[in-house]
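**Q** Structure incoming, see below.
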Amino acid sequence: METINYLGQSIRRWQIGGSTFLAWPEVGARLMHWNHARIDGSIREVIHWPELMELDQPLAHVRGGNPVLFPFNARSYEAGEIHFWRDLQGKRRAMPMHGIARQGAFTLDHIDDNGFRAIFQPTESDQEIYPYDYEFRVTYRFEARRLICEFALLNRGTTPIPWSAGHHFYFAAPWTEGETRDDYFIKLPPADAVRQTATGALEPGPTLSRLATLSNPGLVDTIHVGLADNTVKFGPKDDSEHVTVSLGTTAKPDPDAAFVTWTANPETPYYCVEPWMGPPNAAQHGRGLQLVAAGDTGRFTVSVAIG
């Protein structure tokens, strides 16, 4: 591991086998980039990071890396109004898109040649949005062809804490020059497809094949729940290379756990495959909402491997 200067900021770089990882633990606990050197010397981009002229803070709107979605993913609603939620005591509160951590400050708690652990430092405004006594830790472990990320939410208070967090991996796709999304398949586990309405409710999504091209527009903004197993695999149709995303630590995840497939438009150099604890707006409809009891620690672990 080494510290490097990137656009005037100090970030960290890990070189493990053929993989190079870049991260900014102190800002959003943000994994920024991952590439892998092939045997022939060419470079395969795994996790996309855009070319920036300056590194603005916050990073909330940079489409790259892996933003941390905490305490809730995507859009929260209360009484049909976006960016609000109602806590367990019945008080209406604000809740930004994807929560408060992706643009937040973290303290580096541990770092070594294989990864880091960072602790979220909520502001006074964050405490008003999410009014609990807690410690939220993000831990990354890097390997030659895999990363593992664990979220841990410690409840230091006396009342339960609700959460339904997630990841927003911006995967490079396609990752080889001359290829298009038509050349790439995604293999999804048997699941139910749902989408979020303009008022935060869930409605049935499109009928999709479990094996589809990444160019299929029906995949965009679709939430896959009721997963028969915990892995999604995608890559070129000839399976010469692939990415596998695993949600949780058991072969069959919680029934409300979700994968989300999304991209901004057909021309973007990234495709997002997002493992979430549950669908968006969990605080209202309850699917994927988990409660951490006083003194306990809730955990959510995902891994990404390349082949």
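**Q** Using a Förster radius of 22 Å, what is the FRET efficiency between THR180 and THR268 based on their Cβ-Cβ separation? Nearest 0.05, please.
**A** Efficiency computed from Cβ-Cβ geometry: 0.95.
**Q** Go ahead and collect, in residue order, the members of segment 1-16 whose backbone nitrogen is under 17 Å from a label point 7 Å along the Cα-Cβ direction of GLU54.
**A** The answer is 6-10.
**Q** Here is a further query. Scan around PHE169 for amide H atoms under 5 Å from its own, H built in the peptide plane at 1.01 Å from N, and keep only partners 5 or more places away or cross-chain.
**A** VAL273
**Q** Right, next: Counting other Cβ atoms within 10 Å, keep those with at most 13, restrict to DSSP loop, and tell me which GluC sites (Glu not before Pro) in segment 1-71 are left.
**A** GLU51, GLU54
**Q** When the helices in the chain are scored as -39500 (n - 2.57) per DSSP H run of 4 or longer and the sum is shared across all residues, what 222 nm value do you end up with, to the nearest 500 deg cm²/dmol?
**A** Here the helix-only value at 222 nm equals -500 deg cm²/dmol.
**Q** Which of the trypsin sites (Lys or Arg not before Pro) found in segment 221-307 are loop residues per DSSP with 12 or fewer other Cβ atoms within 10 Å of their Cβ?
**A** Hits after loop and neighbour filter: LYS237.
**Q** Taking the structure as given and computing mean projected area of the Cα convex hull in nm², which label from (1) 16.8; (2) 15.4; (3) 19.9 fits?
**A** Answer label, from the structure shown: (2).
**Q** Amide H neighbours of MET95 under 5 Å, counting only residues 5+ apart in sequence or on other chains, H built in-plane at 1.01 Å?
**A** Here PHE84, TRP85 satisfy the definition.
**Q** Something else now. Which of ASP40, ASP109, ASP296 moves most in a GNM of the chain, Cα contacts under 10 Å?
**A** In the Gaussian network model the winner is ASP40.
**Q** Let me ask something additional. Pick from PRO266, PRO279, PRO162: which is most flexible by mean-square fluctuation in a GNM of the chain where alpha carbon atoms under 10 Å apart are linked?
**A** Looking only at PRO266, PRO279, PRO162, the biggest GNM fluctuation is shown by PRO266.
**Q** Counting other Cβ atoms within 10 Å, which trypsin sites (Lys or Arg not before Pro) in segment 1-61 have at most 14 and lie in a DSSP loop?
**A** Of the trypsin sites (Lys or Arg not before Pro), the ones in loops of segment 1-61 whose Cβ has at most 14 other Cβ atoms within 10 Å are ARG38.
**Q** Could you work out how far the C-alpha centroid of segment 144-190 sits from that of segment 199-213, in angstrom?
**A** Distance between centres, Cα-based: 18 Å.
**Q** Same structure, new question: Which aspartates and glutamates, if any, have their Cα less than 13 Å from the Cα of LYS252, not counting same-chain residues under 8 positions apart?
**A** Within reach: ASP229.
Any read-out appearing in this document is the output of simple, stated calculations on the displayed coordinates, not a laboratory observation. Fair warning: this is a prediction, and the values are worked out from it, not measured in the lab. Note: ideal-geometry Cβ built from the backbone for every residue, glycine included; neighbour counts use all protein chains shown.
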